[in-house]
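S.K.: The structure under discussion is supplied below as structure tokens; questions concerning it will follow.
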Amino acid sequence: MRKGIAALVAVSLAGGAAAYAQQKPAVDAAKVDQVMKASWKSAAPEWQARLEQDQTMKECTTSHNTPSNAVANAIIAREKANIVYPADGKFIGDWKKGEKLAQSGYGLRFSDYPAARENGGNCYACHQLDKKEASFGTLGPSLHAYGKSRNFAEREAKVVYERIYNPQAHVACANMPRFGTNKVLTVEQIKDIVALLMDPESPVNK
Ligand code: HEC
């Protein structure tokens, strides 16, 4: 049920961005900011900070997710610069832990303050992964057989790590959360999810 609610929130946020891209807003952006802030007055302090757009979010909003090549390249360079890589240089953790994290939508919702357990990645809300899982969203591409289709190449594990840590380091205005940059997931958790995609033993590659 919790996963379902988080999935709905994720989909409606991203869906909102898509709808937004199709019509020019008639309302003053400053007024929208004002209404947003006023609407979340009683939210936890951690939430309040999330109402401030950073430079990348602003540039994606003002360009309706279609920045010029120059702006897109600048976003990608800026976002890539904030990626923290594993200290041991290893990108593949434990796929079993990764599967639990991919299933979990816990974290950053109203009911999750103060946090009672570790955040999840909620990957199934937007992606197919294990073929046996019946419930998944389709906002993102299917990730089934992800490692297998890339011959389990070492360099691909690094790319997946980056794409989870900060999708905007690859696609300037990606509709996927910046899990590492926004401190939703830790380096170790991201390694476990990389294993879910890249380990030959993972159900994703069966
Ligand atoms: C809110 C929806 C959403 C969530 C949640 C989400 N993703 Fe994504 N993801 C997307 C979208 C949309 C794309 C395609 C555009 C892009 O590259 O950002 C994508 C792209 C990807 C790609 C690149 C696929 C390729 O073409 O090579 C990977 C890998 C990926 N996601 C993994 C994950 C993992 C792992 C999680 C969970 C930690 C996750 N995603 C959570 C929406 C999401």
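The values are calculated or read from the model by the stated rules, or taken from the named source; none is laboratory data. The structure displayed is predicted, hence computed values, not measured ones. Backbone-built Cβ (ideal geometry, glycine too); neighbour counts: all protein chains shown.
S.K.: If the Cβ limit is 7 Å and pairs must be 6+ apart or interchain, which residue in the stretch 45-64 that is at pLDDT 95 or above pairs with which residue that is of a type in the set (D, E, K, R)?
M.R.: Within 7 Å, the pairs are Thr56/Arg78; Thr56/Glu79.
S.K.: Another question about this same structure. Could you list, in sequence order, all residues of the stretch 120-129 that are crowded, with 20+ Cβ neighbours inside 10 Å and either within 11 Å of the chain's Cα centre (by Cα) or assigned to a loop (DSSP other than H, G, I, E, B) (or both)?
M.R.: Once the filter is applied, which keeps residues that are crowded, with 20+ Cβ neighbours inside 10 Å and either within 11 Å of the chain's Cα centre (by Cα) or assigned to a loop (DSSP other than H, G, I, E, B) (or both), the stretch 120-129 yields Gly120, Gly121, Asn122, Cys123, Ala125, Cys126, His127, Leu129.
S.K.: Now a separate question. Yes or no: Lys131 under 27 Å from Ile75 (Cα atoms) and more than 11 Å from the ligand (Cβ to nearest atom)?
M.R.: Against the criterion (under 27 Å from Ile75 (Cα atoms) and more than 11 Å from the ligand (Cβ to nearest atom)), Lys131 does not qualify.
S.K.: Counting only residues that are among the acidic types (Asp, Glu) and out of contact with any Leu (no Cβ under 9 Å at 6 or more places or on another chain), which one in the stretch 32-84 is nearest to Pro114 (Cα to Cα)?
M.R.: Glu52
S.K.: Looking only at the stretch 155-174, how many residues end up being more than 7 Å from the ligand (Cβ to nearest atom) and within 16 Å of the chain's Cα centre (by Cα)?
M.R.: Final tally of qualifying residues: 9.
S.K.: Given the criteria under 25 Å from Lys206 (Cα atoms) and either among the charged types (D, E, K, R) or at pLDDT below 95 (or both), does Glu154 qualify?
M.R.: yes
S.K.: Right, next: Of the residues that sit in the stretch 80-96 and are in a helix (DSSP H, G or I) and within 18 Å of the chain's Cα centre (by Cα), which one is surrounded by the fewest Cβ atoms within 10 Å (Cβ to Cβ)?
M.R.: So, considering only residues that are in a helix (DSSP H, G or I) and within 18 Å of the chain's Cα centre (by Cα), the one surrounded by the fewest Cβ atoms within 10 Å (Cβ to Cβ) is Ala81.
S.K.: Based on this model, can you work out whether Leu101 counts as within 11 Å of the ligand (Cβ to nearest atom), assigned to a loop (DSSP other than H, G, I, E, B) and either modelled with pLDDT of 95 or more or of a type outside the set (A, V, I, L, M, F, W, C) (or both)?
M.R.: Criteria not met by Leu101.
S.K.: Is it the case, given these coordinates, that Phe91 is touching a residue at least 60 places away in the same chain (Cβ under 8 Å), among the hydrophobic types (A, V, I, L, M, F, W, C) and more than 12 Å from the ligand (Cβ to nearest atom)?
M.R.: So Phe91 fits the description; yes.
S.K.: Follow-up question, since we're still on this one. Looking at Phe179, Phe152, can you tell me which residue is free of Cβ contacts under 8 Å to residues at least 60 places away in the same chain and crowded, with 22+ Cβ neighbours inside 10 Å?
M.R.: Of the residues listed, the single one that is free of Cβ contacts under 8 Å to residues at least 60 places away in the same chain and crowded, with 22+ Cβ neighbours inside 10 Å is Phe179.
S.K.: On the given criteria, is Thr138 buried (at least 16 other Cβ atoms within 10 Å of the Cβ) and either more than 7 Å from the ligand (Cβ to nearest atom) or in a helix (DSSP H, G or I) (or both)?
M.R.: Judged against the criteria, Thr138 is not a match.
S.K.: Out of Phe179, Phe152, I need the residue that is near the ligand (Cβ under 10 Å from one of its atoms), in a loop (DSSP other than H, G, I, E, B) and not basic (Lys, Arg). Which one?
M.R.: None of the others qualify; the one that does is Phe179.
S.K.: A further question on this structure: Restricting the search to the stretch 182-191, which residues are assigned to a helix (DSSP H, G or I) and near the ligand (Cβ under 10 Å from one of its atoms)?
M.R.: Gln189, Ile190
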